[in-house]
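Only the coordinates and a few stated rules stand behind these numbers; no lab work does. Quantities reported herein were computed from a predicted structural model and do not represent experimental measurements. No Cβ is skipped: glycine too gets one built from the backbone with ideal geometry, and neighbour counts run over all protein chains shown.
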Amino acid sequence: MVGLNWYLVLSALLFCIGAAGVLTRRNAIIIFMSIELMLNAANLALVAFGRFIPNVTGQALVFFVMAVAAAEVAVGLAIIVTIFKHKESVDIDKVNLMKW
Amino acid sequence: MAFSYSDLFVIAPEIILTALALVVIFVELAWPRCEAALQAICAVGILLAGAAAAISLGVQTTAGFGSASFLNGMVAADGFSVFLKVILATIALLIVLISRSYFSNAPNQPTENIGEQKSASLVSRLRHSDYYSLILLTTVGMMVLASATDLVALFIGLETMSVGLYCLAGIRFERVRSSESALKYLLLGAFASAFLLFGIALIYGATNGATNFKAIVDALQGSFSSGISLLEPAPAMKGTPLLLAGIGFLLIGLLFKIAAVPFHFWSPDVYQGAPTPVTAFMSAGPKAAALAVFIRLFGWVLPGLSTVWAPMLWLIAALTMTVGNIIALAQTDVKRMLAYSSIAHAGYLLLAILAAGNPQVREAAAAGMLFYLTIYYLMNIGAFAVVYIINRARENSDYQIGDYYGLAAKQPWVAGVLALCLISLAGIPPTAGFFSKLYVFSAAVKAGYIGLVVIAVLNSVVSVYYYLRLVVYMYMRPLEKPLAARLTPTTAVALMICTIGILGLGLLPGGLMKQAQTGAAQIELPVPTVE
Amino acid sequence: MELILFLIIGLTVIGAGMMVILTKNPVTSALYLTLAFFGLAALYVLLGAPFIAALQVMVYAGAIMVLFLFIVMLLNLRDKQTWELTTGMRRALGLVVAAGILLVALAAMKGLVSPPAPLDTDMGSPAAVGLALYRRFLLPFEVASVLLLIAIIGVVAMLKQKSPEQAPEGGGTDGRT
């Protein structure tokens, strides 16, 4: 029997990997993928908690997260495409016309 | 019962706005290039939505639904959320009014680099309806967020608002700045959302499956209604590590949305790059909605843990106002200066959240916050509207302070409105900005945060310098470049509303404050009716 | 048995997650991310949530990843073989922050007691989740549709190209000058 703790540790690790990706990479698309990884880590925690409580709310919330992720990815990739048309690059350090 | 007609009353403003967004799209399909009609439809519809919010409150109180819970405890139908819905509807109305002809005859901005020259060939064929319907739908998200009493509704409302704002920030896709602003907002906003969601997951686990605010309160008091607790009993009112970590992650997500200091670095760039009417919207709407759910959560759900979160929030509030004001001093770009000033104002508003942690003064704090938010959007939107007018007249791609030299001689009315907004932002007496600060600060003093109020007052004094500097430049310096500002009638109406609001509420703040107090006294946490 | 399955899948997910942020090529990253999504779907099955597992495969692995791959291919980023890392200071800070997050999250789980999960639950069935969505979470469900509407309008507005009939207003570079 796999306990709740196992799933939560896995979720925490995955969240941390995603955060590290956001903070260390400069390619906007990879940053965006890392954010998806973080959202999935939170989903895993929700389903795991929901399983052991037991309570269906966690799964309902995961459903909404998927809807949100789909919308966010569509909008985000559209923005990345417009940036690419301007700069021929998706490097976030080249996207810094605006300073202090 | 899962759903009834009284539920429809509660979400009437949202329903009207959503329907309106669709109507706007179809109207433009049928009659293209008719912005005035679109604007009129939007304005009437938003007024209807605001009225519906007010009426729904009236119906409730007369029909005696009282503390019944609507929509399974997802959103509150109390005076507080109705007040906020009216605020949000007014914000949307003002933004629609100042956006006139934003897309039809945009100034030919000097190109900044090769990319932009190339993109000049992809000049937008934006339809006005895209813009107006996004404003309306984003407002729906804000309304849901502002009245949320369930973590699920909070999350979905916040995301609806955020995704709408990402789109609005990037809507001038042929300008590199608009796209950059959208990208920055999107990446950092989605990052913050991930934290918020992880926080919600931890709270869900720590409270044994509660997402409803009232259920969280019950769980914190140790009265689990059903099921087995996942946690060993914790010492009362200290919270378990799981819950505290959850609150911490949730706090990061919310502080990001209101641009409080360690999480503020996105806002100046995003505010500067976004189209100016959208910047006005961003500086007013999300802040009001996020702070509403913030105060409900921390004042009414988690006050028992205030010994844990209050010191943290104290530091963040102090940092937010100080950093915002000090960096604003150094700005020579007016739009950026207003961005930092709005960070500083978020710091003052955090005082209300802190004060709400004390159960004795939480209603005064919430009322003060409602009053502050009302005045804040009037003066901020007024200021950004003038920035927008001047920028269009100058045909610049930036917003240098030099553009404002001698404005008063050439454009006395526009300069007068900007001066009034700035004086009110600084909080100088006959204007409403003074009372908004007074109410929030006095609530904080009553809650015992005297040290922080001293810091806030000192900060207000510092802020007078950069606000009045711009006023002095407008009135004392000679005009440098010719200026032909064109004021569209709808913008004039919006500026008039702001002026009347700032002056009127400055002279007679009592009426609005009474409304705010009634609203704050009614804050309640509905419970779900079906499992 | 379950433990062995969990360990295999869990390690695969972690490994795939690491590869997402460690590879140079965005296409490879996207494929590893798909692997991680499939692994998570398998974990959802272990957790008695078959409906969510199916959605995970359809929405994440199906729709979202295809969108990612499509954009990476469209923008022709796959030839880029550079790391594109942030500068030293920022990278170190980022790793410290990420490690801090991990520590906080792990510390948070101290004191959790793990009750045995009920075995005969149909909580994760499509019917059970659907009932929750349409009854208790009716309002968020409707707001989610507003969110998707925003995404549609926003994407169309941002990616709309100049149409031929609008050419005279736009560039004016097509032989008329």
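Would you be so kind as to identify which of C:66, B:309, B:390 lies farthest towards the positive end of the dipole of the protein assembly as shown, taking Lys and Arg as +1 and Asp and Glu as -1 on Cβ and the Cα centre as origin?
Of C:66, B:309, B:390, it is B:390.
So what's the gap between the Cα centers of the range C:10-44 and the range B:288-352, to the nearest angstrom?
Computed from Cα coordinates, the inter-centre distance equals 38 Å.
Taking the Cα centre of the protein assembly as shown as the origin and placing charges on Cβ (Lys, Arg +1; Asp, Glu -1), which of C:15, C:106, B:288 is farthest toward the positive end of the dipole?
Most positive-ward Cα: B:288.
Determine, for B:437, B:446, B:214, B:481, the number of other Cβ atoms within 10 Å of each Cβ, and report the residues in order from fewest to most. Before the final figure, lay out each step's value.
Numbers: B:437 23, B:446 15, B:214 19, B:481 11.
Ascending number of Cβ neighbours within 10 Å: B:481, B:446, B:214, B:437.
Given charges of +1 on the Cβ of Lys and Arg and -1 on the Cβ of Asp and Glu, with all other atoms neutral, how large is the dipole of chain A about its Cα centre, in debye to the nearest 20? Intermediate values should be presented prior to the final figure.
Working: 7 positive and 5 negative charges, 33 e Å.
Roughly 160 debye, rounded to the nearest 20.
Cα centroid distance between the range C:54-72 and the range B:463-492, in Å?
First find each Cα centre; the distance between them is then 51 Å.
Which order results if B:266, A:6 are arranged by neighbouring Cβ count within 10 Å, fewest first? Before the final figure, lay out each step's value.
Numbers: B:266 19, A:6 16.
Final ranking by Cβ density, sparse to dense: A:6, B:266.
What net charge do the residues around residue B:520 carry, taking every other residue with its C-beta under 10 Å from that of residue B:520, with Lys and Arg at +1 and Asp and Glu at -1?
Values: positive: B:362; negative: B:78, B:363.
After counting each charged neighbour, the total is -1.
Averaging sequence separations of C-alpha pairs under 8 Å and six or more residues apart, then dividing by the length of chain B, give the relative contact order as a whole percent. Can you show the working numbers first?
Numbers: 878 pairs, mean separation 97.9, N = 531.
Relative contact order for chain B comes out at 18 percent.
Just counting partner chain Cβ atoms within 10 Å, what average do the residues of peptide B:244-256 show around their Cβ?
Values: counts 3, 9, 1, 0, 2, 6, 0, 0, 1, 0, 0, 0, 0.
For this peptide, the per-residue mean of nearby foreign Cβ atoms is 2.
In nm, to one decimal, how far is the residue B:360 label point from the residue C:70 one, both placed 7 Å along Cα→Cβ?
Output for this residue pair reads 6.1 nm.
Roughly how crowded by other chains is peptide C:23-31, in terms of the mean Cβ count from those chains within 10 Å of each of its Cβ atoms?
On the way: counts 1, 2, 2, 6, 0, 0, 7, 3, 0.
Counting Cβ atoms of other protein chains within 10 Å of each residue's Cβ and averaging gives 2.
Quote to one decimal, in nm, the extra length available between residue C:45 and residue C:58 on full extension: 0.36 nm per residue of separation minus the C-alpha distance between them.
Length gained between residue C:45 and residue C:58: 3.2 nm.
Hey, what angle do you get for helix B:176-206 against the long axis of chain B, alpha-carbon based, 0 to 90 degrees rounded to 10?
That works out to roughly 10 degrees.
Take peptide C:55-65, look around each residue's Cβ out to 10 angstrom, count Cβ atoms belonging to other protein chains, and average those counts. If you can, show how the numbers build up before the last one.
Details: counts 5, 5, 0, 1, 6, 8, 0, 0, 5, 9, 3.
So the per-residue partner count for this stretch is 4.
Running Debye on the protein assembly as shown with equal point scatterers at the Cα sites and no solvent, what base-10 log of I(q)/I(0) appears at q = 0.09, 0.10 Å⁻¹?
These q points yield log10 I(q)/I(0) values of -0.82, -1.03.
Using the Cβ atoms and a cut-off under 9 Å, what net charge is assigned to the surroundings of residue B:128, where Lys and Arg are +1 and Asp and Glu are -1? Kindly include the intermediate steps, with their values, before the conclusion.
Working: positive: B:33, B:127; negative: B:28, B:35, B:130.
Computed value for this residue: -1.
What spacing in nm lies between the two simple spin-label points modelled at residue A:6 and residue B:469, each 7 Å away from Cα in the Cβ direction?
Between residue A:6 and residue B:469, the simple spin-label model gives 6.2 nm.
When chain A is treated as a GNM, springs tying every alpha-carbon pair under 10 Å, which of A:55, A:43, A:27 comes out with the largest mean-square fluctuation?
A:55
Can you tell me the Rg and the Dmax, both Å, for the Cα atoms in the range B:345-423?
17.4, 53
Please list, ordered by chain and number, the residues whose modelled amide H lies under 5 Å from the amide H of residue B:212; skip anything fewer than 5 residues away on the same chain.
B:151
For labels at residue B:457 and residue C:148 in the simple 7 Å Cα→Cβ model, what's the distance in nm?
5.5
Across the range C:151-159, in residue order, what do the Karplus-derived ³J(HN,Hα) couplings come to in whole Hz, using 6.51 cos²θ - 1.76 cosθ + 1.60 with θ = phi - 60° and x for Gly and Pro?
With coefficients 6.51, -1.76 and 1.60, one gets 4, 4, 4, x, 5, 4, 5, 6, 9 Hz.
Could you give each residue of the range B:249-264 its phi-based ³J(HN,Hα) in whole Hz, using Karplus coefficients 6.51, -1.76, 1.60 with θ = phi - 60°, and x for Gly or Pro?
Karplus-based 3J(HN,Hα) across the range B:249-264 equals 5, 4, 4, 4, x, 6, 5, 4, 5, 8, 6, 7, 4, x, 10, 9 Hz.
According to the square roots a ≥ b ≥ c of the eigenvalues of the Cα gyration tensor, what is the shape class of the range A:4-93, taking rounded for a/c under 1.5, prolate for a/b larger than b/c otherwise, and oblate for the remainder? Intermediate values should be presented prior to the final figure.
Numbers: a/c = 6.83, a/b = 1.92, b/c = 3.55.
Cα axes put the range A:4-93 in the oblate bin.
Where the only charges are on Cβ atoms (+1 Lys, Arg; -1 Asp, Glu), what is the dipole of the protein assembly as shown about its Cα centre, to the nearest 20 debye? Working shown, then result.
On the way: 46 positive and 37 negative charges, 336 e Å.
With Lys and Arg at +1 and Asp and Glu at -1, about 1620 debye.
What does the C-alpha gyration tensor say about the overall shape of chain B? Classify as rounded when a/c is under 1.5, otherwise prolate if a/b is larger than b/c, or oblate.
Because a/c hits 1.5 or more and a/b exceeds b/c, chain B counts as prolate.
Give me the angle, in degrees from 0 to 90, between the Cα long axis of helix B:151-169 and the longest principal axis of the Cα atoms of chain B, rounded to the nearest 10.
So the helix axis and the longest Cα principal axis differ by about 10 degrees.
Would you mind classifying the range C:1-79 by shape? Square roots of the alpha carbon gyration tensor eigenvalues, ordered a ≥ b ≥ c; an a/c under 1.5 is rounded, otherwise it is prolate if a/b is larger than b/c and oblate if not. Don't jump to the answer; show the numbers that get you there.
Values: a/c = 5.12, a/b = 1.64, b/c = 3.12.
Oblate is the answer for the range C:1-79, as a/c is 1.5 or above yet b/c matches or exceeds a/b.
Pull up all non-local amide H partners of residue A:2: gap of 5 or more, or a different chain, and H-to-H distance under 5 Å with H placed in the peptide plane.
Amide H neighbours of residue A:2, under 5 Å, 5+ apart: none.
Relative to the longest principal Cα axis of chain A, at what angle does helix A:28-52 sit, 0 to 90 degrees, rounded to 10?
10
Out of the range B:457-531, which trypsin sites (Lys or Arg not before Pro) are coil in DSSP terms and have no more than 13 other C-beta atoms within 10 Å?
Working: sites: B:469, B:486, B:514; in loops: B:486.
Answer in residue order: B:486.
Would you work out which of B:453, B:188, A:73 lies farthest towards the positive end of the dipole of the protein assembly as shown? Charges go on Cβ: Lys and Arg +1, Asp and Glu -1.
Result: B:453, furthest along the dipole toward the positive end.
Based on other C-beta atoms within 10 Å, arrange B:298, B:371 from fewest to most. Don't skip to the end; give the middle numbers.
Values: B:298 24, B:371 27.
Fewest to most other Cβ atoms nearby, the residues stand as B:298, B:371.
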